[in-house]
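Worksheet: one structure, shown below.
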Amino acid sequence: MTATQERPSEEVEREIGRDRRRKEDQRLITGRTRWTDNLTLPGMLHLAMVRSPFAHAKIVSIDTSAAKAATNVVDVFTGPELGETLGVNINAWPITPEQVTPTHSPMPADRVAFAGEIVAVVVARTAAEARDAAELVDVEYDELPAALDLKSAAADEVLAHPDLGTNKSALWVFDSGEAGTGAPVEDAISKARADGIVIEREYRQQRLIPAFMEPRSVVVDPTGEQYVMYSATQIPHILRFALAATTGVPESKIRVIAPDVGGGFGGKLQTTPEEWIAWAVGRRLGKPVKYTETRSESLVSAHHGRDQWQKLTLAAEKDGTVTGLKVELLADLGAYVAIVGGGVPVLGAFMFNAIYKFPAYHFSVQTVLTNKTWTDAYRGAGRPEATYAIERLMDELAVEVGVDPLEIREKNWIKHEEFPFTTVAGLEYDSGNYEAATARAKEMIGYDELRAEQRRRRESGDPVQLGIGVSTFTEMCGLAPSRVLGQLDYGAGGWEHASVRMLATGKVEVVTGASAHGQGHETAFSQIVADRLGVAFEDVEILHGDTQVAPKGMDTYGSRSLVVGGEALVRAADKVIEKAKPIAAHLLEASADDLEFTGGRFSVRGTDQGMAIGEVALATFAAHNLPDGVEPSLDSDATYDPVAFNFPHGTHLCAMEVDTETGELRMRKYVCCDDIGNIINPLIVSGQVHGGLVQGIAQALWEEAVYDESGTLVSGSFVDYLLPTAADTISFDIDHTTSPSLTNTLGTKGVGEAGTIASTPAVVNAVVDAVRHFGVNDIQMPCTPERVWRAINGAGAGGSTEGAAMPHFGEAEASGTSEGGGAMGNQEQPGTSSTEGAGA
Amino acid sequence: MTRISLTVDGANVSDDVEPRMLLVQYLREKLGKTGTVIGCDTSNCGACTVHLNGTSVKSCNVLAVQADGAEVTTIEGLARDGQLHPVQEAFRECHGLQCGFCTPGMIMQSVDLLSTNPNPSEEEIRLGLEGNLCRCTGYHNIVRAVQHAASQGATS
């Protein structure tokens with residue numbers, strides 16, 4: 001059984017590196033989609049949540065009788081009525097053994113801890129009837145003082161959870177002197193104070209909202225032997241585990257499906273009260289239930305990101321050689337410790353030293369509980385904060401020394417011949433070439449010409465000043481080596497799983513434990529497998545996002561799917577080849593030692609005899625003529641645990657024009673040259689970079705979640721939370737240098753978060769660079785025209801947004817109350833308040 | 001309840017609807033036209049954009065009863081005789097989508113933009129899509145897709 005129709009391998013075009021158009025797109029551009037909210041099951045009931053308008057209050061009573069009597073309402077439940085079947089929402093990463101962690105009930109019985117927390121759920125035959133009835137639930141609250149401001153909360157002035165006795169959740173510290181990875185930082189700072197340069201700054205990482213385009217939705221189907229949960233989630237496997245662990249349902253009785261998922265950016269890396277409530281209600285009633293949030297509910301209750309104060313001290317020699325870095329963070333957890341929670345700033349702990357050869361480093365983060373929406377991973381998760389801090393500081397150091405910001409960076413960065421390099425944070429960077437990426441980026445933007453124009457404008461006193469911002473970032477991605485996660489007390493491993501199934505018809509089914517929600521895995525993973533097995537791209541089908549189809553997985557976040565999940569694919573495919581080899585040898589009547597496998601074909605060395613892997617698959621399926629003792633299957637699994645993180649890097653340059661008379665900003669040009677190792681699909685990579693850039697730029701210029709003084713999220717709709725549009729943004733100029741990663745077979749590095757991590761400081765550095773001659777060295781993000789104008793006119797960093805929200809109508813006139821009562825339109829004084837009509 | 005009759009993606013349909021029902025709810029809940037999606041509750045995101053009598057509208061901003069007697073085209077009715085509309089092709093060709101949730105609205109708005117301005121500048125494209133939010137692409141490749149479609153003569 002030989003075949004001769006296959007092309008010789010040298011004629012087969014390699015799939016890796018091709019700009020394949022995406023397999024996913026045909027469905028998505030024709031509306032043939034399966035978003036969770038699209039699902040309708042027989043007898044399905046709809047849920048609406050009743051949410052607290054107060055940031056912090058005791059629940060005195062909940063009267064559900066009017067809602068229960070409403071047309072087509074099936075039932076209304078409060079926390080006590082669902083009791084233990086509700087389970088709890090878990091924190092998977094207690095960052096210290098002593099971490100103070102409030103119990104997080106999906107629907108608390110006695111006290112709410114943030115505005116938007118769920119206190120009752122209405123079940124009705126239609127979504128509209130459920131929402132109508134939610135308005136009829138009468139909740140009596142006794143309002144409590146709320147811990148809102150991060151610094152005040154850290155001082156325990158008002159307690160977010162009075163029973164805990166403190167708002168301070170955990171203090172996590174890394175010190176290079178203690179860890180043996182470097183010198184003590186205090187010595188470096190003392191020496192620099194005496195005879196060097198000390199830069200001390202405090203930067204604000206404002207609160208952001210991931211704002212994925214698809215609002216979260218969950219369907220629970222309790223009919224059938226397995227309970228099925230469909231959810232708009234990034235993490236179906238973690239979700240399944242957490243449901244089993246907290247609600248008493250055996251894991252084997254739970255099937256979780258993440259169907260089409262419309263974006264996540266970390267915002268769907270969560271196990272949510274809404275999922276847990278739907279789970280409990282579905283089980284209670286024995287009927288399928290669906291809950292889909294409104295956008296306003298999403299903004300107030302889906303987790304937020306960032307929200308830190310960064311106190312930074314950089315020590316250097318007089319010539320600008322860095323000698324030490326001390327980082328002290330305050331991080332706002334919000335009302336509860338979310339699934340990653342305090343782990344987010346810890347993911348940044350190893351990255352503040354970035355690409356620079358600091359001999360001494362100290363990092364601490366104090367996580368703090370407040371009465372605001374919980375925070376967790378948002379694109380970059382810890383690393384944007386680190387990159388922002390260090391890249392801003394390097395600009396300050398350049399000013400202090402009096403050299404170009406690129407010159408100070410080059411003086412201190414790891415030279416390309418110094419890789420692999422073990423950093424002061426204890427990580428080994430495997431590969432990189434900062435010189436090459438920087439040279440290319442400078443060429444792309446016309447760096448020297450821009451500096452010349454900047455000088456001209458400055459000298460002529462042009463009202464429109466030009467700033468050039470630099471960010472030479474690196475990040476750690478590919479979460480994560482399980483041993484490292486264990487050392488950091490994370491509750492799970494960081495491996496990924498893959499299966500390759502060889503079908504009799506020549507098609508290949510590939511199962512991955514990664515769970516895409518826009519990344520294009522179906523396309524990129526097909527390319528990897530097609531190359532590895534020498535089969536057609538079109539013949540590979542990628543299956544994912546259903547725990548019954550893909551039973552093992554660690555899901556998608558932390559730029560891990562390619563560098564961890566892709567390696568699992570390679571290993572599973574290699575096992576298929578190993579299993580096929582003795583069968584091919586048997587059929588070809590040759591010794592396995594004489595076979596070679598190239599271009600999808602086993603051939604006998606020195607002959608024209610050969611056989612395609614698809615033919616071996618068919619013969620194995622038939623199993624009529626196999627070697628003795630060989631199982632009739634080529635299907636193979638692999639579970640890969642990464643040996644190390646990997647470290648994409650790049651140089652981003654941004655040119656901003658600032659109208660110094662009005663504070664108006666215009667981005668003139670943005671270029672970046674990223675080194676992400678070998679690229680599987682350049683088209684998909686470009687999309688990841690563009691989208692990442694805009695999210696990082698949006699942090700610099702536009703986005704902020706703002707609370708008023710009573711704890712109401714005033715940027716609680718898309719009218720108020722400023723997501724950039726096509727008209728706000730520009731086209732980008734992107735390129736790549738290539739230093740293949742040495743820690744995975746394909747030589748790839750993650751790219752999903754790179755743009756976001758790099759771009760924020762590039763933009764802010766550009767804005768500050770444009771107005772530095774006015775004595776400005778910081779402008780708080782988002783750099784609104786007002787803040788820029790204030791900074792130019794001598795008001796420091798442009799002032800804080802906090803407390804700057806407009807008072808509610810009526811409130812300003814009504815006896816000048818400042819401390820509360822304004823939540824969600826309720827204008828009563830603090831104290832016992834009735835909030836009929838608080839249903840969201 | 002009010003009786004409405006209209007044409008959706010070429011099919012004649014008629015239903016009793018509550019006067020408060022939005023067109024997008026009618027499309028999704030009554031007709032199963034789930035290709036059209038809901039992304040916000042303040043008419044900012046444009047994910048629900050459809051054509052009403054040939055003009056793009058945010059279908060969350062139109063009552064179903066207002067569509068009585070009208071001709072509605074959704075993303076599901078854009079391809080004809082198994083042939084993708086050139087704007088659909090262009091979004092795939094230029095990688096103008098990632099998660100795909102904004103895509104139905106983005107494509108419907110782009111079709112409308114090109115029907116009124118067959119050769120838009122980048123600036124005109126960006127302004128023309130200002131009412132449609134995307135969180136994945138950074139708009140770069142969406143702009144390319146519209147330019148590509150324009151170069152293919154996709155004006156209707």
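Each value in this text was obtained by applying a stated rule to the coordinates, not by laboratory testing. Predicted, not measured: the structure shown is a model, and the values here were computed from it. Don't worry about glycine lacking a Cβ; one is built from the backbone with ideal geometry, like all the others, and counts go over all protein chains shown.
Summarising the overall dimensions of chain B from its C-alpha atoms, the Rg and Dmax are 15.2, 47 angstrom.
For region A:747-794, what percent of Cα pairs sit more than 15 Å apart? So the pairs more than 15 Å apart make up 49 percent of the total in region A:747-794. Dividing the summed helix terms, -39500 (n - 2.57) for each DSSP H run of n ≥ 4, by the number of residues in the protein assembly as shown produces a 222 nm estimate of -8000 deg cm²/dmol to the nearest 500. Taking all Cα pairs closer than 8 Å and separated by 6 or more residues, the relative contact order of chain A comes to 17 percent. When the Cα convex hull of region A:471-523 is projected onto planes of every orientation, the mean area is 6.5 nm². What the Cα convex hull of region B:2-75 gives, in volume per residue, is 73 Å³.
Per residue, the convex hull spanned by the alpha carbons of region A:213-283 comes to 76 Å³.
The shape of region A:8-121 can be summarised by an equivalent ellipsoid whose semi-axes, obtained from the alpha carbon gyration tensor, come to 45, 26, 12 Å from longest to shortest.
Can you grab the distance from the C-alpha centre of region A:291-361 to the C-alpha centre of region A:570-646, Å, no decimals? Each part's Cα centre sits 48 Å from the other's.
Rounded to whole numbers, the Karplus 3J(HN,Hα) couplings from phi for region A:149-159 are 5, 4, 5, 5, 5, 5, 8, 6, 5, 10, 9 Hz, using 6.51 cos²θ - 1.76 cosθ + 1.60 with θ = phi - 60°, and x at Gly and Pro. Specify whether the C-alpha gyration tensor of the protein assembly as shown places it in the rounded, prolate or oblate class, a ≥ b ≥ c being the square roots of the eigenvalues: rounded for a/c under 1.5, otherwise prolate if a/b is larger than b/c and oblate if not. Because its axes are fairly even, with a/c under 1.5, the protein assembly as shown counts as rounded.
Take every DSSP beta bridge whose two residues both sit in region A:221-373; close to 45 percent of them are antiparallel.
The packing ranking of peptides A:698-704, A:126-132, A:681-687, highest mean first, is A:698-704, A:681-687, A:126-132, where packing means the average number of other beta carbon atoms within 10 angstrom of each residue. Annotation: the antiparallel percentage among DSSP beta bridges lying fully within the protein assembly as shown is about 80.
Exposure proxy ranking for A:652, A:586, A:624, based on other Cβ atoms within 10 angstrom of each Cβ and starting from the fewest, stands as A:624, A:586, A:652. In terms of surrounding Cβ atoms within a 10 Å radius of their Cβ, A:225, A:615 rank from fewest to most as A:225, A:615.
The alpha carbon radius of gyration of region A:114-263, expressed as a multiple of 2.2 N^0.38 Å, is 1.65. A viscosity of 1.306 mPa s and a temperature of 10 °C, combined with the Kirkwood radius over Cα pairs in Stokes-Einstein, give a translational diffusion coefficient for region A:507-552 of 148 µm²/s. For region B:2-75, the relative contact order works out to 40 percent when only alpha carbon pairs closer than 8 Å and six or more residues apart are counted.
Set against the 2.2 N^0.38 Å expectation for a compact globular protein, region A:284-400 has a Cα radius of gyration ratio of 1.39.
Label-to-label distance, residue B:16 versus residue A:666, with points set 7 angstrom from Cα along the beta-carbon direction: 6.0 nm. Other residues whose C-beta falls under 10 angstrom from the C-beta of residue A:392 contribute a net charge of -3, scoring Lys and Arg +1 and Asp and Glu -1. Over all orientations, region B:64-132 has a Cα convex hull whose mean projected area works out to 6.0 square nanometres. The relative contact order of region B:86-151, computed from alpha carbon pairs under 8 Å that lie at least 6 residues apart in sequence, is 55 percent. At what distance in angstrom do the alpha carbon centres of region A:419-457 and region A:269-290 lie from each other? For region A:419-457 versus region A:269-290, the Cα centre distance is 49 Å. What whole-number distance in Å separates the alpha-carbon centres of region A:725-752 and region B:62-89? The distance from the Cα centre of region A:725-752 to that of region B:62-89 comes to 36 Å.
Hey, how much of the P(r) for region A:519-652 falls beyond 26 Å, as a percent of Cα pairs? Tail fraction, whole percent: 34. The lysines whose alpha-carbon is closer than 26 Å to the alpha-carbon of residue A:581, local same-chain residues fewer than 8 away aside, are A:507. As a proxy for reagent exposure, ranking B:59, A:717 by other Cβ atoms within 10 Å from fewest up yields A:717, B:59. Applying a threshold of 19 Å to the alpha-carbon distances of B:33/B:58; A:357/A:411; A:68/B:30; A:23/B:58; A:357/A:749; A:311/A:749 flags A:68/B:30; A:23/B:58; A:357/A:749; A:311/A:749 as lying beyond it. The simple Förster model, with R0 at 41 Å and r as the Cβ-Cβ distance, assigns residue A:786 and residue A:488 a FRET efficiency of 0.50. Note on residue A:773 and residue A:435: the model spin-label points, each 7 Å out from Cα along the C-beta direction, lie 3.4 nm apart.
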